[in-house]
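Engineer: Below are the structure tokens for one structure; questions will follow.
The values are calculated or read from the model by the stated rules, or taken from the named source; none is laboratory data. Every value quoted in this text rests on a predicted model; they were computed, and no experiment measured them. Cβ placement follows ideal geometry from the backbone for every residue including glycine, while neighbour counts extend to all protein chains displayed. The area values use the complete protein model at the heavy-atom level, side chains included, leaving out ligands, DNA and RNA. Shrake-Rupley method; radii C 1.70, N 1.55, O 1.52, S 1.80 Å.
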Amino acid sequence: MYEGLKGFRDFYPGEQSARREVTDAIEGAAARYGFREVATPALERTEMYVDKSGEEIVEELYAFEDRGGREVSLTPELTPTVARMVVAKGQELSKPIKWVSTRPFWRYEQVQQGRFREFYQTNIDIFGSSAPEADAEVLAVAADALTELGLTGDDFEFRVSHRDVLGGLVRALADDPDEVDTPAAIRAVDKRAKVDDGEYFGLLSDAGLDRATAREFDDLITDVDAPEDLDAVAEAGGEDVEAAVENLRSVLAAAADFGAGEFCEISLTTARGLDYYTGVVFECFDSTGEVSRSVFGGGRYDDLIESFGGQPTPAVGVAPGHATLKLLCQRAGVWPDEALSTDYYVLSVGDTRRKAAEIARDLRALADDVVVEGDVSDRSFGAQLGYADSINAETVVVVGERDLANGEVTVKDMESGDETTAPVDEFPPESGLPTYDDYE
């Protein structure tokens with residue numbers, strides 16, 4: 001027996017059918033807003049991640065040298081890849097560019113609840129618009145996807161923040177702004193809920209804030225619960241923060257117009273740890289707190305395309321992670337049923353394969369999503385009936401030599417066990433999916 005690798009998962013049919021239903025809901029929501037699907041490679045040059053995040057990132061990657069002597073890595077995220085794609089064909093693409101993609105990613109990190117070494121995300125991104133409506137549309141797509149899965153405002157919330165509010169406030173409060181490591185201060189905010197107060201304020205101190213300033217900064221960002229509370233932040237931060245506050249308010253107003261306002265709350269302690277975020281950021285959380293970690297997040301990254309050699313191109317996106325989303329759906333009781341589902345099993349008895357195959361083809365032609373199985377193992381009547389029960393067939397159509405001699409087939413309702421007959425020349429009908437009730 002070979003064992004699977006730690007952090008890599010197998011998905012058997014029942015679970016995979018539920019995962020497919022969730023993926024379809026997310027992608028379907030994006031498609032309704034005009035997001036177009038793209039497909040991307042599993043391997044990229046390692047230097048793309050080193051240039052973006054530093055040499056230390058290699059420790060988190062599945063990185064190796066290929067046979068051509070190139071340093072390559074399994075992709076740990078999609079954003080650098082789509083940035084590369086936009087740069088490659090930027091002048092040919094109509095703006096705004098709206099892309100969606102679902103695929104696996106790989107990171108060599110500690111395995112824990114909701115976090116694996118191979119993981120799946122749906123990335124939803126807009127390139128080429130700096131308007132608040134773009135941020136709001138990303139929030140609206142995420143909200144639509146979650147509500148389509150059966151979640152409500154009692155189940156999840158989007159905690160919305162603004163990196164420029166945090167960075168501007170840090171610089172405004174510091175005695176010497178040039179001595180402050182602004183990205184490090186924002187990363188400290190991102191860790192605020194994950195570490196104790198001593199470590200948190202120590203991180204702010206390491207970023208260049210003295211203890212009194214760090215405390216003032218923390219008091220300002222934690223006292224914001226509503227849009228009107230942003231006034232004190234804007235006043236303390238000066239013109240740059242005022243502009244960022246106005247942008248945050250505009251995004252929230254647009255999100256309300258787009259139908260996502262009820263799911264959004266201001267949370268300046270939300271920061272997103274990646275340095276390429278530039279403006280509005282948000283994270284989705286379980287409203288009850290039972291799923292303790294962020295379900296997924298997103299935000300604006302206006303400088304990334306330019307850093308990859310392209311023209312200045314504003315961008316904003318969100319990336320629902322499927323493992324953590326499953327935890328939320330299971331907690332809320334809306335994870336799709338993992339039981340197998342089959343509409344018809346066509347049971348062949350004796351020398352009836354040709355007619356049974358014809359009936360199966362005709363049933364499949366009645367609807368795009370109908371599931372019809374037949375015998376491919378030359379099994380007995382009892383074995384076929386047992387198999388039909390194991391795949392949760394709703395209706396069994398028995399095509400036997402005696403049935404055909406009488407000009408009929410037997411139609412069996414598997415839930416009740418009742419059965420009846422139907423004229424073989426009229427089965428199945430030209431329209432409508434036939435059931436036992438149609439012939440009893």
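Engineer: Would you please name the residue that is most open to solvent (accessible area, probe 1.4 Å), looking only at residues in the range 161-175 that are at pLDDT 90 or above and of a type in the set (D, E, K, R)?
Structural biologist: So the residue we want is Arg171.
Let's see how each residue does on (1) more than 21 Å from Gly273 (Cα to Cα); (2) at pLDDT below 95:
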residue	(1), (2)
Arg67	yes, no
Pro80	no, yes
Ala83	no, yes
Ser94	yes, yes
Arg103	yes, no
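Engineer: If you take the residues in the range 423-440 that are surrounded by 16 or more Cβ atoms within 10 Å (Cβ to Cβ) and touching a Ser or Thr at 6+ places or on another chain (Cβ under 8 Å), which one is nearest to Ala360 (Cα to Cα)?
Structural biologist: Looking at residues that are surrounded by 16 or more Cβ atoms within 10 Å (Cβ to Cβ) and touching a Ser or Thr at 6+ places or on another chain (Cβ under 8 Å), I get Pro434.
Engineer: Just one of the numbered conditions (1) within 22 Å of the chain's Cα centre (by Cα); (2) open to solvent by 40 Å² or more (accessible area, probe 1.4 Å); (3) without any contact (Cβ under 8 Å) to a residue 40 or more places away in the chain is not true of Ser294; which one?
Structural biologist: (2) is the only condition that Ser294 fails.
Engineer: Going residue by residue through the range 398-406, is there one that turns out to be under 39 Å from the mean Cα position of the chain (by Cα) and surrounded by fewer than 17 Cβ atoms within 10 Å (Cβ to Cβ)?
Structural biologist: No, the range 398-406 contains no residue that is under 39 Å from the mean Cα position of the chain (by Cα) and surrounded by fewer than 17 Cβ atoms within 10 Å (Cβ to Cβ).
Engineer: Still on this structure: Quick one: count up the residues across the range 279-291 that are touching a Phe, Trp or Tyr at 6+ places or on another chain (Cβ under 8 Å) and crowded, with 20+ Cβ neighbours inside 10 Å.
Structural biologist: Adding up the residues that qualify gives 6.
Engineer: Sort out which residues of the range 91-124 are under 17 Å from Ala39 (Cα atoms) and either open to solvent by less than 30 Å² (accessible area, probe 1.4 Å) or among the hydrophobic types (A, V, I, L, M, F, W, C) (or both), and write them in order of number.
Structural biologist: Answer for the range 91-124, where residues must be under 17 Å from Ala39 (Cα atoms) and either open to solvent by less than 30 Å² (accessible area, probe 1.4 Å) or among the hydrophobic types (A, V, I, L, M, F, W, C) (or both): Leu93, Ile97, Trp99, Val100, Ser101, Arg103, Phe105, Trp106, Phe119, Thr122, Asn123, Ile124.
Engineer: Return only the number of the condition from (1) over 18 Å from Glu358 (Cα atoms); (2) under 41 Å from the mean Cα position of the chain (by Cα) that Asp418 does not satisfy.
Structural biologist: For Asp418, the failing item is (2).
Engineer: Given (1) within 30 Å of Asp378 (Cβ to Cβ); (2) touching a strand residue (DSSP E or B) at 6+ places or on another chain (Cβ under 7 Å), identify the lone condition not met by Leu340.
Structural biologist: Failed condition: (2).
Engineer: Of the conditions (1) more than 29 Å from Leu5 (Cα to Cα); (2) of a type in the set (Gly, Ala, Ser); (3) outside any loop (DSSP other than H, G, I, E, B), Ser101 fails just one. Which one is it?
Structural biologist: (1)
Engineer: Mind listing whichever residues of the range 257-268 are not in a strand (DSSP E or B) and not acidic (Asp, Glu)?
Structural biologist: Within the range 257-268, Phe258, Gly259, Ala260, Gly261, Phe263, Ser267, Leu268 qualify.
Engineer: Answer yes or no as to whether Phe127 is more than 29 Å from Ile266 (Cα to Cα) and surrounded by 18 or more Cβ atoms within 10 Å (Cβ to Cβ).
Structural biologist: Answer is no for this residue.
Engineer: Right, next: Just checking, how many residues over the range 12-45 are among the small types (Gly, Ala, Ser) and in contact with a Pro (Cβ under 6 Å, 6 or more places away or on another chain)?
Structural biologist: Result for the range 12-45: 1.
Residues are listed down the side, and each one gets a yes or a no for (1) touching a strand residue (DSSP E or B) at 6+ places or on another chain (Cβ under 6 Å); (2) over 19 Å from Ile26 (Cβ atoms):
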| residue | (1), (2) |
| --- | --- |
| Glu235 | no, yes |
| Ala254 | no, yes |
| Glu262 | no, yes |
| Ala271 | no, yes |
| Tyr277 | yes, yes |
| Val291 | no, no |
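Engineer: Could you list, in sequence order, all residues of the range 331-381 that are open to solvent by 60 Å² or more (accessible area, probe 1.4 Å) and closer than 14 Å to Phe427 by Cα?
Structural biologist: Answer for the range 331-381, where residues must be open to solvent by 60 Å² or more (accessible area, probe 1.4 Å) and closer than 14 Å to Phe427 by Cα: Glu358, Arg361, Asp362, Arg364, Ala365.
Engineer: Further question: Specify which of the listed residues (Ala323, Ala315, Ala367) is of a type in the set (A, V, I, L, M, F, W, C) and closer than 26 Å to Gly289 by Cβ.
Structural biologist: Going through Ala323, Ala315, Ala367 in turn, just one is of a type in the set (A, V, I, L, M, F, W, C) and closer than 26 Å to Gly289 by Cβ: Ala323.
Engineer: Right, something else. If you take the residues in the range 237-252 that are out of contact with any strand residue (DSSP E or B) (no Cβ under 6 Å at 6 or more places or on another chain) and among the small types (Gly, Ala, Ser), which one is farthest from Ala142 (Cα to Cα)?
Structural biologist: Gly238
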